[in-house]
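Have a look at the structure below, then the notes.
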Amino acid sequence: MKSTRLISLVILAAVVAAGCQPSDTPPPQQAPATQEIPYRKDGTLHFLRENERMLTIDIEIADTDSTRERGLMQRTSLPDGAGMLFIMPTEEPQSFWMANTPLSLDFVFASTSGEVVAISKYAKPQSPDPVMSGLPARFVLEVPAGFLDSYGIIEGDQIEWSRTE
């Protein structure tokens with residue numbers, strides 16, 4: 001008898017709930033969990049070896065606390081031949097993390113003079129593990145994973161960059 005009463009109450013609650021919303025009104029749409037952040041070209045970066053330009057890419061520049069903190073979080077892609085250059089306030093050992101970053105990335109750590117002092121390849125997406133330079137760096141470039149292998153970028157290479165005017 002109790003189960004019949006319980007079933008009756010459940011059916012009654014469903015009928016009442018259904019009557020609370022007009023049938024011709026579509027259900028509310030949920031906002032996407034993340035909204036794609038468009039790439040913004042802020043400048044160009046050149047890779048050099050023995051003072052010879054090897055490669056030029058477009059860069060988005062992160063040079064404020066908020067842009068450095070956001071980085072490439074929630075980005076699902078980057079244009080071909082593009083990356084994000086972080087300009088750090090001081091030259092010191094740098095540490096980055098991949099939480100909320102769905103892309104696998106390569107990192108280039110460069111000194112104030114532009115010398116590539118460390119690289120890190122294929123950083124795991126969404127990982128809380130730090131990606132560290134080990135040596136002091138003032139600039140950090142993030143590019144899609146595989147970029148460093150594809151173009152043969154190594155420690156000791158140089159970077160030069162400029163803003164688009």
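Structure notes:
- Prolate/oblate/rounded label for region 33-165 (Cα gyration tensor, a/c 1.5): rounded
- Once the Cα-Cα distance is subtracted from the 0.36 nm per residue extended length, the Thr164 to Glu92 segment shows a gain of 23.2 nm.
- Surface accessible to a 1.4 Å probe, Arg68 within the full protein complex, Å²: 50
- Panel note: the C-alpha atoms of region 75-146, placed on their principal axes, show extents of 31, 26, 20 Å (largest first).
- Rounded to the nearest 20, the size of the Cβ-charge dipole of region 60-155 about its Cα centre is 220 debye, with Lys and Arg at +1 and Asp and Glu at -1.
- Length released on extending from Ser113 to Asp65, taking residue separation times 0.36 nm less the Cα-Cα span: 15.1 nm
- Virtual spin-label span in nm between Ser150 and Asn51, 7 Å along Cα→Cβ: 3.1
- Ordering of 100-110, 76-86, 130-140 by burial proxy (mean other Cβ atoms within 10 Å per residue, highest first): 100-110, 130-140, 76-86
- Per residue solvent-accessible surface (Å²) - region 38-165, probe of 1.4 Å: 51
The values are calculated or read from the model by the stated rules, or taken from the named source; none is laboratory data. What you see is a predicted model; the values in this text were computed from it and never measured. Note: ideal-geometry Cβ built from the backbone for every residue, glycine included; neighbour counts use all protein chains shown. With ligands, DNA and RNA removed, areas are computed over all heavy atoms of the protein, side chains included. Shrake-Rupley method; radii C 1.70, N 1.55, O 1.52, S 1.80 Å.
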